[in-house]
Amino acid sequence: MFENLQGELRLNEALSKHTSWRVGGIAQRFYRPSNVEDLALFLSQLPAEEPLLWLGLGSNLLVRDGGFAGTVISTAGTLQNIDIKGQELTAEVGVYCGKLAKLAARSGLTGSAFLAGIPGTFGGALAMNAGAHQSEIWPLVSEVTTVDRHGVLRVRPAADFKVSYRHVEIPSDEWFASAKLSLEQGNAEQEALQIKELLKRRNVSQPTNQPCAGSVFRNPEGDFSGRLIEDLGLKGLRIGGASVSEKHANFIVNDGTALASDIEALILLVQQKVEQEEGVTLIPEVHIVGEAA
Ligand SMILES: Cc1cc2nc3c(=O)[nH]c(=O)nc-3n(C[C@H](O)[C@H](O)[C@H](O)COP(=O)(O)OP(=O)(O)OC[C@H]3O[C@@H](n4cnc5c(N)ncnc54)[C@H](O)[C@@H]3O)c2cc1C
């Protein structure tokens, strides 16, 4: 069915290997392009109705146990070109946020240090409007290149996207291929110190050594999901191998035996309890995809 491709196509790939929760069923097709042109060529050869799932490092994704009946486009470990000219940093979407932050810092640029501890790809950060320490990625974006399902590349100004807290409206059937950030001139040494400090803070407050997907729920306006969950005494609440982290109440951790269904059931249970007791509807930040087993 496919011709002249240079990337790697796998059939029946277990998505549990590609998500930070370490759960998720099988994808019928899993494609890791060798470069942006190869990605465009692959997309142009896919049937128009093929369901598509884009996957970075899977650090914000709950894939159900029945897997994904379609094609996964994997950008982790590929699409890693990065170029810094003056205060402009252009990167492809497979670049890891940590690497991007460190390279920008080394070039004496300031503004992207907050990305250092976000364990995802640049593409995932764009899709999620990732943020930390009072900063978000989209205020830095000047333009993006998208690719559509026919493999057509488009350069779009940041103003084409409606962006809000952990949410970006992307034209349907378009995904990010690369983007340009406008950073400010800073000082390489200070940036390196700031990154070190931010990473230290994270290790203290987050269960970074257990399979998880970061904050499960968005923070409600003027409050913190973690505070609401902790105040109800829900730390340690467990379904199967999934439990509310003892270290950070807005994290759900996998003890190594969890199914995606355990995690999803726990998300619903926490949501119900907070709704009943506090009258607040928590909205998941993590994206839940795929079929139940
Ligand atoms: C320990 C830990 C700490 C975390 N801390 C933070 C934090 O401080 N701040 C924060 O914002 N997040 C945090 N996260 C969540 C997560 O790392 C971010 O949301 C990250 O940006 C997701 O990147 P990813 O590559 O893993 O995306 P994935 O999880 O692979 O994908 C996330 C979504 O983006 C879509 N997507 C991926 N690539 C593309 C693309 N190229 N074009 C269009 N759509 C795409 C996917 O389809 C999916 O819907 C944390 C997670 C963990 C595990």
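Can you bin the stretch 216-286 into rounded, prolate or oblate? Criterion: square roots of the alpha carbon gyration tensor eigenvalues sorted a ≥ b ≥ c, rounded for a/c under 1.5, prolate for a/b above b/c, oblate for the rest.
prolate
Counting only C-alpha contacts under 8 Å and six or more residues apart, can you give the relative contact order of the chain as a whole percent?
So the answer I get is 19 percent.
Work out the charge dipole of the chain with +1 on the Cβ of Lys and Arg and -1 on the Cβ of Asp and Glu about the Cα centre, then indicate which of G214, T146, G290 is farthest towards its positive end.
G214
Could you tell me which trypsin sites (Lys or Arg not before Pro) in the stretch 191-246 are loop residues by DSSP with no more than 11 other beta carbons within 10 angstrom of their beta carbon?
none
How high is the relative contact order of the stretch 199-260, given as a whole-number percent (alpha carbon pairs under 8 Å, six or more residues apart)?
Relative CO of the stretch 199-260 lands at 37 percent.
Calculate one ³J(HN,Hα) per residue across the stretch 218-223 by plugging θ = phi - 60° into the Karplus curve 6.51 cos²θ - 1.76 cosθ + 1.60, and present them in order as whole Hz with x for glycine and proline.
5, 6, x, 3, x, 8
What is the distance, in nm, between label points placed 7 Å from the Cα along the Cα-to-Cβ direction at Q28 and at E291?
It is 0.8 nm.
For the pairs K17/K102; K200/K273; K85/K196; K17/K180; K17/K85; K99/K273, note any where the Cα-Cα span goes beyond 28 Å.
K200/K273; K17/K180; K17/K85; K99/K273
Can you list which of the GluC sites (Glu not before Pro) found in the stretch 164-230 are DSSP loop residues with at most 15 other C-beta atoms within 10 Å?
Listed in order of number, the matching sites are E221.
For the stretch 118-133 and the stretch 195-273, what is the separation of their Cα centres, given in Å?
18
So for V163, V152, V286, fewest C-beta neighbours within 10 Å to most, what's the order?
V152, V163, V286
Between rounded, prolate and oblate, where does the stretch 1-123 land on the alpha carbon gyration tensor, with a ≥ b ≥ c its root eigenvalues, rounded for a/c under 1.5, else prolate if a/b exceeds b/c?
oblate
With a point put 7 Å past each Cα toward its Cβ, work out how far S135 is from S44 in nm, to one decimal.
Placing both labels 7 Å beyond Cα along the Cβ direction yields 3.8 nm.
Counting only other residues whose beta carbon sits under 15 Å from that of N254, what net charge do I get with K and R as +1, D and E as -1?
So the surrounding residues net to 0.
Once you keep just the Cα pairs under 8 angstrom separated by 6 or more residues, what percentage relative contact order results for the stretch 19-93?
42
Once you sort the root eigenvalues of the Cα gyration tensor of the chain as a ≥ b ≥ c, which label holds: rounded (a/c under 1.5), prolate (a/b larger than b/c) or oblate (the other case)?
Oblate.
Just so you know, all these numbers are worked out from the coordinates, no wet-lab data involved. No experiment lies behind these values; they were computed from the predicted model shown. Neighbour counts run over all protein chains shown; Cβ positions are idealised from the backbone, glycine included.
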